[in-house]
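Report on one structure; see the data block that follows.
The values are calculated or read from the model by the stated rules, or taken from the named source; none is laboratory data. Keep in mind that this is a model prediction, so the values were computed, not measured. When we count neighbours, we look across all protein chains shown, and the Cβ atoms used for this are built from the backbone with ideal geometry, even at glycine.
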Amino acid sequence: MRNAFVGSAVERREDLRFVRGRGQYVDDLRPDSLLHAVILRGSVSHGRIRSIDTSAAMRIEGVQAVITARDIPGGPPRIAMRLQPLGEFKPFEQSVIADTKVRYVGEPIAVVLATSVAIGEDALERIVVDIDLLPPAGDCETSAKGDRLLFEELGTNCAITFTAACGDADAAFDAAPYVRREKFRTGRHYGLTIEPRGVMAQWDAATGRLTVSGAAKVPFFNRRMLAAQLGLPETAIEMVENDVGGGFGARGEFYPEDFLIPFAARHVGRPVKWIEDRRENLMAMNHARQAEVDVEIACTRDGTILALRGHADVDMGAYMRTNGAVAARNIAQFMSGPYRIPNIKLRSSLWMTNKTPVGTYRAPGRFETDFFRERLLDLAAKDLGIDRVEFRRRNLVPASAMPYPMPTITPFESKDELDSGDYRITFDRCLEEFGWAAKAKLQGQLIDGRYHGLAVGCFIEGGAAGPKETARLEINPDGSVAVFIGSSAVGQGVETVFAQIAADALEIPIDRISGVHHGSTTYVSDGYGAYHSRSVVMGGSALLDATKNLHDLMRAAASKRFGCVPSEISIREDRIIGPDGVCATLADFAGLTAEGIFLNKKHTFTYGTHAAHVTVDAKIGQVEIVDYIAVVDCGRIINPMTVRGQVIGSLVQGLGGALLEDLRYDEEGQLLTGSLADYLLPTARDFLNLRAIVTDMFPSPINPLGAKGAGEGGIIAAGGIVANAVANALRAFGVEPRELPLTPQRVWEMVEAGRSNRR
Amino acid sequence: MATAMPVSFEVNGKQVTVEVEPRMTLVDCLRYQLRLTGTHVGCEHGVCGACTILVDGEAVRACLMLAVQAEGCKVITIEGLSNDEALTPLQASFRRHHAVQCGFCTPGMITTAHALLSEEPDCDADRVREVLSGNICRCTGYISIVEAVLDARSAYRKPETLP
């Protein structure tokens, strides 16, 4: 049997429970004697803690304990960085609970354990915290002045400056016939998950074992961190991944609560659960995206890009969190995107501010740079009098240049290269599907009271982060096969796609894959999880290795049974055949289990082109998406239905970031967007005509599946596309957006400024 | 802490009486006292729609209703719209159209869509979008959800009476 589940739109296994309300999320767990944790969070953005009085809270009936920094023996541990753990960042890492200072609104100060959430919240109001206020550093500019230090002993608010370089940018600029310099900003928004975060911990004092439910994304790494912080062996901790209501890079990183709740459970010897409420989520989950750049481009007069040079300032919030440096690093590395730019010098400085710390949000640094770069390209094309479509096509990295080196990042000396693809094919396909040639005449037209604008732009998406992933296969008594995987599920459908990969590799019907068990630390020896669009590429490749190893074990076992040598055994579907046609079935080898690994140092690069048609009501600044198409080539496709779902879903997130979502602070560092009535998310009525075309023309050469990470294909280009389309629609007013999101107010202000300039 | 009050109502066809604090929301009562965890809590301020249930046939946010207000009501949750044997046409349509990713908003989407289609089996895409705009999905981008609801309309139409 030659299966072809890989490449087919197999309906998802997990949906059978989700559509019936039978998913099991962490808040659905409710063991006996459970205590509920609620967290007192700092209400000021910067200050020195003088005292915390919890006595009145402790007197409330139903309150079992109130934990502050002084209750943690040896003082509260810090949360180490997971990615780019450079020594420079160490002093900026976050303590699991505030001890001497608070540095952002939302920082944990005390944990109340009570018999109900409501009683715990009653108790929060009785805790008296005395804080000496300090003036906050609310943005990069204030932070850079250096007179409002978050960590006084360090003498600076700058954690580090990354540099991306290739060629000789300064020399190229000196000699360039055309140069344009611009400043752009992206707003602050984040990977809001519709299920708020949650942790439940159960401590078994008799055996010294800790079970932590609610794990997501990177359970093995988090277990290592937690074990070190609690002084437990790793093997004493089990991290359990339940159903997870969305990840987007933000969920599943190690947060303060990932220490506080297990610590609390051990402290009181009872199960403890904490479920974040939405207000907490807006101020406690990693923020993202906020950056400003001063960047210039050098070109020949006929439109060949010679060089990029500039500086980015990234607003990090108050601490360096586990993956906090990723976006800032990527801003330097991805500024050139899919274009061949031989000379690059880009610096990216990370500034600590008195705001919620940042981490990754789907397409970290890539969403930002696509906005910066694609805006710059449209402005340069206009200056040079070159068609913006031709300008892009001419400068895309050609297929003949693959693999194509990206600029080198320092410190870290990290090198990377674009793995495969023909960017122009995708580009032309997008223009054709969009009908660019026919629509181009709409550019800037006023029709029935709305201005029409079009834009086209390109992106690359990194994926498949190493170093390793692990998979295991086990034959069940009935001859079906169970799959265990180190990759994590965050809603992307891993149970289905791994069943497809396993069924094809084993050449058995897909319903003989009894289950795909993922995430939790008990299933495989070592796991790395779900980030950087890696789950399928890394886990799937490990699964192919596990299949090979399982077949080897089956041959060895069968050869003993049949009294022959392993090379005489052939495996066809679920039949294991020896010499003379003697035969056994999978069920005869029940209990056999084999692990497989995949090691990887390189990255996959999905790529594509987006085009959009927008209209703008200049009177009220409202932008409407009339048509939007994303064409994405993502290597070998496992399930076209789910990968298309990734593109459309991430596109709407990108449009949210381009037009709606905005975390706003006042001058005192108070978060002004503390509810979903203030923080605007896309709804079913906002974006209607969205199309995604996914192709698999160029398999990745760096993994045996040929797959590429494909979770960001819709989001990366969205900001640049929308901003360029708005600029083109409103060209009569000379509108040139330099900041996201393009809220109605911001668009209206640009129109009004344009009107007064014209007068 | 106020004393607990008894409240009686019907849930998924079964009469229940529970003791609740007056301040307990209906969604907390359903989830934590009646252990019907298919109804989810996403914002607790009536914006996200994850907790949508049916109260006397109408789609209602269970986080904005107190449990005591349910006295005498007929409540239907996602569990009441599901069975063990097979997916309902609406559920099957959600699966077929890939209108589900993480699954957290899904029960609220399905209860909302069920209420709509029960009343208006011939609604158009604009109407579906209008009604679903009170339910936030962070994964799918809504396109597939709207398609799934439209595709399920036929199952809600009354069969033509034969002449």
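Remark: A:Ser570 matches the filter, which requires a residue to be hydroxyl-bearing (Ser, Thr, Tyr) and farther than 25 Å from A:Lys602 by Cβ.
Taken as a whole, the range B:81-100 holds no residue that is in contact with a Ser or Thr (Cβ under 7 Å, 6 or more places away or on another chain), more than 10 Å from chain A (Cβ to nearest Cβ) and part of a helix (DSSP H, G or I). B:Ala59 meets the conditions (1) outside any helix (DSSP H, G or I); (2) within 12 Å of chain A (Cβ to nearest Cβ); (3) under 30 Å from A:Thr496 (Cβ atoms) in every case but one. The failed one is (2).
Just name the residue that is nearest to the chain's Cα centre (by Cα) out of those in the range B:44-56 that are within 11 Å of chain A (Cβ to nearest Cβ) and buried (at least 24 other Cβ atoms within 10 Å of the Cβ). Give the derivation first.
Looking only at the range B:44-56, we keep the residues that are within 11 Å of chain A (Cβ to nearest Cβ), and these are B:44-50, B:53.
From what's left, buried (at least 24 other Cβ atoms within 10 Å of the Cβ): B:48-50, B:53.
Working: B:Cys48: 13, B:Gly49: 9, B:Ala50: 8, B:Ile53: 4 Å.
Out of the qualifying residues, it is B:Ile53.
Could we say that B:Phe104 is within 14 Å of chain A (Cβ to nearest Cβ), among the aromatic types (Phe, Trp, Tyr) and touching a helix residue (DSSP H, G or I) at 6+ places or on another chain (Cβ under 7 Å) here? Criteria not met by B:Phe104. Any residue in the range B:35-43 that is in contact (Cβ under 8 Å) with a residue 40 or more places away in the chain, part of a helix (DSSP H, G or I) and over 12 Å from the mean Cα position of the chain (by Cα)? No: zero hits. For the range A:560-568, the condition holds for no residue, the condition being that it is in the same structural domain as A:Arg512 (by TED's automatic domain parsing) and in contact with a Leu (Cβ under 9 Å, 6 or more places away or on another chain).
Matching residues to (1) basic (Lys, Arg); (2) within 19 Å of B:Ser82 (Cα to Cα); (3) in contact with a helix residue (DSSP H, G or I) (Cβ under 8 Å, 6 or more places away or on another chain):
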residue: B:Pro6; (1), (2), (3): no, no, no
residue: B:Val27; (1), (2), (3): no, yes, no
residue: B:Leu34; (1), (2), (3): no, yes, no
residue: B:Glu44; (1), (2), (3): no, no, yes
residue: B:Cys48; (1), (2), (3): no, no, yes
residue: B:Asp56; (1), (2), (3): no, yes, no
residue: B:Cys63; (1), (2), (3): no, no, yes
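Scanning the range B:62-75 for residues that are more than 14 Å from every other protein chain (Cβ to nearest Cβ) and surrounded by fewer than 23 Cβ atoms within 10 Å (Cβ to Cβ) turns up B:Met65, B:Val68, B:Gln69, B:Glu71, B:Gly72, B:Cys73, B:Lys74. Report whether or not A:Thr193 is closer than 29 Å to A:Val66 by Cα, more than 14 Å from every other protein chain (Cβ to nearest Cβ), not aliphatic (A, V, I, L, M) and not in a helix (DSSP H, G or I). The answer is no for A:Thr193.
Only a single item in (1) within 34 Å of the chain's Cα centre (by Cα); (2) crowded, with 20+ Cβ neighbours inside 10 Å is not met by A:Ile576, and it is number (1). The set of residues from the range A:196-221 being within 14 Å of another protein chain (Cβ to nearest Cβ) and either over 19 Å from A:Gly245 (Cβ atoms) or aliphatic (A, V, I, L, M) (or both) comprises A:Met200, A:Ala216. Only residues that are assigned to a loop (DSSP other than H, G, I, E, B) and either of a type outside the set (Ser, Thr, Tyr) or crowded, with 20+ Cβ neighbours inside 10 Å (or both) were counted across the range A:196-214, and they come to 6. Counting only helices (runs of 4 or more DSSP H) that sit completely within the range A:117-177, those holding 1 or more residues that are within 30 Å of A:Met200 (Cα to Cα) and either within 14 Å of chain B (Cβ to nearest Cβ) or within 35 Å of the chain's Cα centre (by Cα) (or both) correspond to A:117-124. Would a scan of the range A:238-259 turn up a residue that is assigned to a helix (DSSP H, G or I), out of contact with any Leu (no Cβ under 6 Å at 6 or more places or on another chain) and among the polar types (S, T, N, Q)? No, the conditions are met nowhere in the range A:238-259.
Of the residues making up the range A:589-603, not a single one is of a type in the set (S, T, N, Q) and within 14 Å of another protein chain (Cβ to nearest Cβ).
For the range A:513-520, the condition of being part of a helix (DSSP H, G or I) and at pLDDT 95 or above holds for none of the residues.
Quick check, is A:Ile275 within 14 Å of chain B (Cβ to nearest Cβ) and of a type in the set (Val, Ile, Thr)? In short, yes. Across the range A:215-235, the qualifying residues are those that are closer than 16 Å to A:Thr522 by Cβ and small (Gly, Ala, Ser), and the one among them that is surrounded by the most Cβ atoms within 10 Å (Cβ to Cβ) is A:Ala216.
Would you check if A:Phe687 is more than 14 Å from chain B (Cβ to nearest Cβ), surrounded by 18 or more Cβ atoms within 10 Å (Cβ to Cβ), of a type in the set (Phe, Trp, Tyr) and at negative phi? Against the criterion (more than 14 Å from chain B (Cβ to nearest Cβ), surrounded by 18 or more Cβ atoms within 10 Å (Cβ to Cβ), of a type in the set (Phe, Trp, Tyr) and at negative phi), A:Phe687 does not qualify.
Does A:Asp422 count as over 26 Å from A:Ala505 (Cβ atoms) and charged (D, E, K, R)?
So A:Asp422 fits the description; yes.
Yes/no per residue for (1) within 26 Å of A:Pro509 (Cα to Cα); (2) at the interface with another protein chain (Cβ under 8 Å from one of its Cβ atoms); (3) in contact (Cβ under 8 Å) with a residue 40 or more places away in the chain:
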{"site": "A:Arg2", "(1), (2), (3)": "yes, no, yes"}
{"site": "A:Phe5", "(1), (2), (3)": "yes, no, yes"}
{"site": "A:Glu11", "(1), (2), (3)": "yes, yes, yes"}
{"site": "A:Asp15", "(1), (2), (3)": "yes, yes, no"}
{"site": "A:Arg22", "(1), (2), (3)": "yes, yes, no"}
{"site": "A:Val26", "(1), (2), (3)": "no, no, yes"}
{"site": "A:Ala37", "(1), (2), (3)": "no, no, yes"}
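For the range A:35-59, the set of residues classified as surrounded by 18 or more Cβ atoms within 10 Å (Cβ to Cβ) and part of a loop (DSSP other than H, G, I, E, B) consists of A:Gly42, A:Val44, A:Ser45, A:His46, A:Thr54, listed by residue number.
Checked against (1) at positive phi; (2) crowded, with 24+ Cβ neighbours inside 10 Å; (3) not assigned by TED's automatic domain parsing to the domain that holds B:Asn135, B:His98 passes all but a single condition, namely (3). Contact map, the range B:127-147: first residue facing chain A (nearest Cβ under 7 Å), second residue polar (S, T, N, Q), Cβ cut-off under 7 Å, separation 6 or more or different chains; pairs are B:Leu132/B:Thr112; B:Ser133/A:Thr683; B:Ile136/A:Thr683; B:Arg138/A:Thr193; B:Cys139/B:Gln101; B:Thr140/B:Gln101.
Here the condition is being touching a Pro at 6+ places or on another chain (Cβ under 9 Å), more than 11 Å from every other protein chain (Cβ to nearest Cβ) and either part of a helix (DSSP H, G or I) or buried (at least 24 other Cβ atoms within 10 Å of the Cβ) (or both); of B:Ala115, B:Ala155, it holds for B:Ala155 alone.
Quick one: count up the residues across the range A:171-186 that are surrounded by fewer than 23 Cβ atoms within 10 Å (Cβ to Cβ) and in contact with a strand residue (DSSP E or B) (Cβ under 7 Å, 6 or more places away or on another chain).
Residues that pass the stated criteria total 10.
What helices (runs of 4 or more DSSP H) lie completely within the range A:290-409 and have 1 or more residues being under 30 Å from A:Val96 (Cβ atoms)?
Numbers: elements: A:326-333, A:366-384, A:388-395.
Correct list: A:326-333, A:366-384.
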